[in-house]
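A.B. asks: Got a structure for you, written out below as C-alpha cells; questions coming shortly.
Computed from the coordinates by the stated procedures, all read-outs in this text should not be read as laboratory data. Note that the structure is a prediction, hence the values are computed from the model and not measured. Neighbour counts run over all protein chains shown; Cβ positions are idealised from the backbone, glycine included.
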Amino acid sequence: MNPYVEAARPRTLPAAVAPVLVGSAAAATSVPDLDLLRVALALVVALALQVAVNYANDYFDGVKGVDTEARTGPRRAVASGLVTPTAMRTATVVALAVAGVAGLVLAWLAGWELLLVGVVAMLATLGYSGGRRPYASRGLGEVSVFVFFGLVATAGSAYVQDERLTLLPVVAAVPIGLVAVALLVVNNLRDIPSDRAVGKQTLAVRLGEDRTRLLFQALVAGSAAWVLPIALLAGSPWPLIGLLALPFAWPAMKVVRTAPLGRPLIAALEVTGRYHLLLGVLLAVGLTGADLAGPS
C-alpha cells in the first residue's frame, strides 16, 4: 500500500463522511433543495481535515519518539522510515491547504463566519499531537473528536445549506460524535502499554484497561439510544431505521470486551468504522424519509 494512503488511516475516514451525510440530510428538512456543490465541498473539508490530523499525528509522534517498536497498531510512516519527517510535514500542510481552499469557497457561498470555525479546526488538528503540550496526551483527544467530528462537522454541514444553526442537526450530531469517539477509544485501548511506556497520557491510559473497555461499550450503546431523540425531534419514526446499524457493531463490542491488548483490537477498529458509516447512511436516509413524509 502507498505509504501516504496507509498514513491517512482509511479505517478512520468514515468519521469524516458520516457527519456530512447526516448534517446535509438534517438540513434538507428545512431548505427547499440541497445545494450539492456545498455538500461536496463540506465532504472535501471533512476528509482533508481527517487526513491532515492523521498525517500530523504520524509526524509528531514519529519525531517525538512516541511511536516505538513496542507499538502494536498499524505501522506509522515516519517511525518506520517509509516517509521522511519533512515529507510528512509537507503532506500535512497539503491536506490542510486542500481543506482551507474548500473551506474558503464554502465561506464565500454560505458566510464568512465559517472562516473562524475553519481556523479553530486547523489549530485543533495541529494541537492534537503537536506543540509542547499536545492535548491528546492530556486525555482530551476524545473531547476534541466529539466536538469537531461530531458537533461541528454535522451541524456545520447543515449550516452551509441553511445558513443558520437549528436544533435538529445538533441533536443528530450526537450519535455520530459518539461513534467517532469510540474509534479513538479502541485505538487508544490497543496502545495503552506503548503509550504508557513513553509517557503519553491518553484517556485510555488514565482510565486503565477495564474502564476503557466499558467506555467503548457505552459509546456504541449511547449512539444507538440517541436515535430516539432524533426521531422525536424530527416528528417521524423514519430516523429509527438508524437502529438497524447496531447489529453491525456487535462484533466490535465483543472484540473490545474480550480481546487482549494489541493487534487483536485492530479488527474492532475496522468494524467500528463500518458501523459509523452505516449509522450515518441510515440516519441520513431516515431524516430524508421524515422530510418526504411530512409531519406525522
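A.B. asks: In debye, nearest 20: dipole of region 168-276 around its Cα centre with unit charges on the Cβ of K, R (+) and D, E (-)?
C.D. replies: Value, rounded to 20: 200 debye.
A.B. asks: What helices does the chain have that are whole DSSP H segments, at least 15 Å long along their own axis by Cα, and with mean Kyte-Doolittle hydropathy of -0.5 or more?
C.D. replies: 14-27, 36-63, 85-110, 114-127, 167-190, 209-225, 266-293
A.B. asks: Tell me, Kirkwood radius of region 14-287 from alpha-carbon pair distances, in Å?
C.D. replies: 18.9 Å
A.B. asks: Points 7 angstrom from Cα along the Cβ direction at Leu140 and Gln217: gap in nanometres?
C.D. replies: 3.1 nm
A.B. asks: Now for a different question. Rounding to the nearest 20 debye, state how big the charge dipole of the chain is about its Cα centre with +1 on each Lys and Arg Cβ and -1 on each Asp and Glu Cβ.
C.D. replies: Computed charge dipole of the chain: roughly 980 debye.
A.B. asks: Which is the longest run of the chain containing none of the GluC sites (Glu not before Pro) found in DSSP loop states (not H, G, I, E, B) with at most 11 other C-beta atoms within 10 Å?
C.D. replies: 114-296
A.B. asks: Follow-up question, since we're still on this one. Can you list the HN-Hα couplings for region 235-240, worked out from phi with the Karplus curve (6.51, -1.76, 1.60; θ = phi - 60°), rounded to whole Hz and with x for Gly and Pro?
C.D. replies: x, 7, x, 3, x, 5
A.B. asks: In nm, give the distance between the simple-model label positions of Val105 and Thr86, each being 7 Å from the Cα along the Cα-to-Cβ direction.
C.D. replies: Using points 7 Å along Cα→Cβ, the separation is 3.2 nm.
A.B. asks: Still on this structure: Compute the distance in nm between two label points, each set 7 Å from the Cα along the Cα-to-Cβ direction, one at Asp35 and one at Gln201.
C.D. replies: Taking the two extended label points, one gets 4.5 nm.
A.B. asks: Name the shape class, rounded, prolate or oblate, that the alpha-carbon gyration tensor gives for region 101-237, where a ≥ b ≥ c are the square roots of its eigenvalues, rounded holds for a/c under 1.5, and otherwise prolate holds if a/b is larger than b/c and oblate otherwise.
C.D. replies: Oblate, since a/c reaches 1.5 and b/c is not below a/b.
A.B. asks: Compute the signed sum of charges (Lys and Arg +1, Asp and Glu -1) over the other residues within less than 14 Å, Cβ to Cβ, of Leu203.
C.D. replies: So the environment of Leu203 carries a net charge of +2.
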